[in-house]
Amino acid sequence: MSLDKATVAKVANLARIKVEEKDLDHLAAELNNILGWVEQLGEVDTDNVEPMTSVADMQLRWRKDEITDGGYADDVIANAPGREDGFFAVPKVIE
Amino acid sequence: MTDLTKLTISAALDGMAAGDFSARELTAAHITAMEAANVLNAFITKTPEIAVEAATASDSRRAKGETRKIDGIPLAIKDLFCTKDVLTTAASHILDGFVPKYESTVSSNLWASGAVMLGKTNLDEFAMGSSNETSYYGEVINPWRREGSDSPLVPGGSSGGSASAVASFSAMAAIGTDTGGSIRQPASFTGIVGMKPTYGRCSRWGVVAFASSLDQAGPMTRTVRDAAIMLEAMAGFDPKDSTSVDMPVPDFEAALSGDIRGLKVGIPAEYRLDGMSPEVQALWDQGIDWMKAAGAEIIDISLPHTKYALPAYYIIAPAEASSNLARYDGVRFGLRVEGDDLDDMYARTRAEGFGAEVQRRLLIGTYALSAGYYDAYYLKAQKVRSRIADDFKQAYQKVDVILTPTAPSPAFGFGEKGDDPLAMYLNDVFTGPASLAGLPGISVPAGLSSDGLPLGLQLLGKPFDEETVFRAAGVLENAAAFTATPNDWWRG
């Protein structure tokens, strides 16, 4: 599999990173270099192998469904670049 | 008076207990050393006022007989741990001005044990790198230089600032994080001890996330004993981290019996790489002899999927990063670059806020998780990861610990790895596999290269058997008797 410019542009859009048209070729080459190296994973026989989803053999814990935290909206938004009346402020989304 | 910065943690604790010096004196000596080492750029933020205040509180606890485990010990904190009311950057432009309103569990544990914060250390941006060259706050310099040379060298990464701070005697110890080798490789490059515990041993809560199934905090110190003391203070169950393991924290220091008679030490054939530095090979052979002389049984083992660890890592870690770093959107914290609309604001903020290496990994990760490619890349990598973990499981039926080099080379110069990211990724060739398997590992300084640079050996253990890793590391440390220190050129 090899990434072309259009695919890199699409992936950049999915990742929400603005990439200039002039940088696409260079990026595609870099990413193809890495993906080419990763291709060797295809040599490993993984038939009937479960993907590893947990590092330790453990069950995720259950907890009581109760409120244990909260009540400090000012702290939550304290680091926001835009905030108004206790809310995060973003550019207008709905016309 | 002796130079307080040259003490180990255990000696400093004894000295304060005996009344030879106070926590304030110990901290003051380190603040002076930290300021004198500015040229190393090990710290992004220094917190001398907080340090003096904490040291004063420590002295008054001691006067009242309420001394805690590591009371008065001045530490450096990797700037990936959120610290309440203190700037936390992850060495990224995108976290400009971020001042957390909460404290990470690991650092909270340290403060509860009496430790003193000197400052926040530099790192590769979002811990993505092996040389500390990707930090938005500039490169960290290794206190070590090649014999007869003034050229600056990298400290390794990503915990390069923590490594440089400890190796330059600016801090008694530091905490780092290790995702694929980010504690152990810089420890090897700077002649110090670096310990990555078992995944789940230290809470990830409040640590800026890179790859959640791999990230693990650990200590960086000048001795194995100090690493044991530090880990005990850092570790412990935390309900706020769903992968934190609910197990008692052993007395790690007590594990340092100095006796490894009968211990089975595995030597993996696959770690003998073509083209590996002969010096690294020779040191490894020396390490095998040391263990044998101490009464250990050396057993050849095979970890057949070793060569696939890095390619698997460079799918899994970027995939998890692409998900974790989605939160940096210019809305909740840090940098915002205005755009034509909301989407444009996201894209411009992230383009300006993330450096080149982070962007590269986010694109790889996004691609590996995208529709149509998920099975071919991400799922495949997770299956290969299972096989790598299984290699270790098989090996640990025959051996107690595994001995390997930590890194394929000593510290290198800035820009020496050129523009090829793959050349940089190979730094983690010996540390990455154990990260994928979640195993504990330690790097112990064991010798010098022909041009006078430190080299480390790595010991890996069974899950949650840090005690055996520490015990073997203590013996390795004694045998290596590594006492070299960098000449303190940075003091100017």
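The values are calculated or read from the model by the stated rules, or taken from the named source; none is laboratory data. Predicted model only: the values in this text are computed from it and were never measured. Glycine also receives a Cβ, built like all others from the backbone with ideal geometry; neighbour counts cover every protein chain displayed. Remember, those area values only see protein heavy atoms, side chains included, never the ligands or the DNA or RNA. Shrake-Rupley method; radii C 1.70, N 1.55, O 1.52, S 1.80 Å.
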**Message:** Counting only pairs 8 or more residues apart or on different chains, how many lysine pairs in chain A have their Cα atoms under 19 Å apart?
**Reply:** 4
**Prompt:** Using just the C-alpha positions of chain B as equal point scatterers, what log10 of I(q)/I(0) does the Debye formula give at each q in 0.08, 0.10, 0.12 1/Å?
**Reply:** -0.43, -0.69, -1.02
**Asked** Measuring with a 1.4 Å probe in the full set of protein chains, what accessible area per residue, in whole Å², belongs to the range A:1-89?
**Response** 72
**Prompt:** For the protein assembly as shown, which whole percent of the accessible surface, found with a 1.4 angstrom probe, sits on carbon and sulfur atoms?
**Reply:** 49
**Asked** What ranking, highest mean first, results for peptides B:387-398, B:11-22 when packing means the other Cβ atoms within 10 Å averaged over each residue?
**Response** B:387-398, B:11-22
**Asked** How much accessible area does B:Y199 have with a 1.4 Å probe, in Å² rounded to the nearest 10?
**Response** 20
**Request:** Report, by chain and number, residues whose modeled amide H sits under 5 Å from the one on B:I299, excluding near sequence neighbours (fewer than 5 apart, same chain).
**Result:** B:V265, B:G266, B:I267
**Fill in**
Judged on accessible area alone, 1.4 Å probe, highest first, B:T8, B:T485 line up as B:T485, B:T8
**Asked** Other chains near B:323-334: what is the mean number of their Cβ atoms within 10 Å of each residue's Cβ?
**Response** 3
**Asked** Probe 1.4 Å, all protein chains in place: accessible area of B:F470 in Å², nearest 10?
**Response** 0
**Complete:** Shielding of A:30-39 by other chains, given as the mean Cβ count within 10 Å, works out to 6
**Prompt:** Total accessible area buried between chains A and B, 1.4 Å probe, in Å² to the nearest 100?
**Reply:** 5000
**Residues B:N487 and A:W62, FRET efficiency given R0 of 56 Å [Cβ-Cβ distance, rounded to 0.05]** = 0.50
**Prompt:** What is the average number of partner chain Cβ atoms found within 10 Å of a Cβ in B:362-373?
**Reply:** 5
**Request:** Place the peptides B:322-330, B:450-458 in order of packing, highest mean first, counting for every residue the other Cβ atoms within 10 Å and averaging per peptide.
**Result:** B:450-458, B:322-330
**Kyte-Doolittle mean at least -1.0 and Cα axial length at least 30 Å: DSSP H helices in chain B** = none
**Request:** Could you work out the Rg to Rh ratio of the protein assembly as shown, with Rh taken as the Kirkwood radius (inverse of the mean 1/r over all Cα pairs)?
**Result:** 0.96
**Asked** Efficiency by 1/(1 + (r/R0)^6): what FRET value for B:S242 and B:A326, r their Cβ-Cβ distance, R0 = 25 Å, to the nearest 0.05?
**Response** 0.85
**Message:** Roughly how far apart, in whole Å, are the Cα centres of the range B:362-405 and the range B:1-70?
**Reply:** 42
**Asked** Counting only residues 5 or more places away or on other chains, whose amide H sits under 5 Å from the amide H of B:V193 once H atoms are built in the peptide plane?
**Response** B:T221, B:R222, B:T223
**Request:** Using packing as a proxy for protection, rank B:429-437, B:90-98 so that the peptide with the highest average count of other Cβ atoms within 10 Å comes first.
**Result:** B:429-437, B:90-98
**Of B:K78/B:K196; B:K46/B:K84; B:K101/B:K196, those spanning more than 19 Å from alpha-carbon to alpha-carbon** = B:K101/B:K196
**Fill in**
Ordered by number, the residues of the range B:405-422 with at least 50 Å² less accessible area in the assembly than alone (1.4 Å probe) are B:L422
**Message:** Give me the count of lysine pairs in the range B:281-434 whose alpha carbons sit under 22 angstrom apart, restricted to pairs 8 or more positions apart or on different chains.
**Reply:** 8
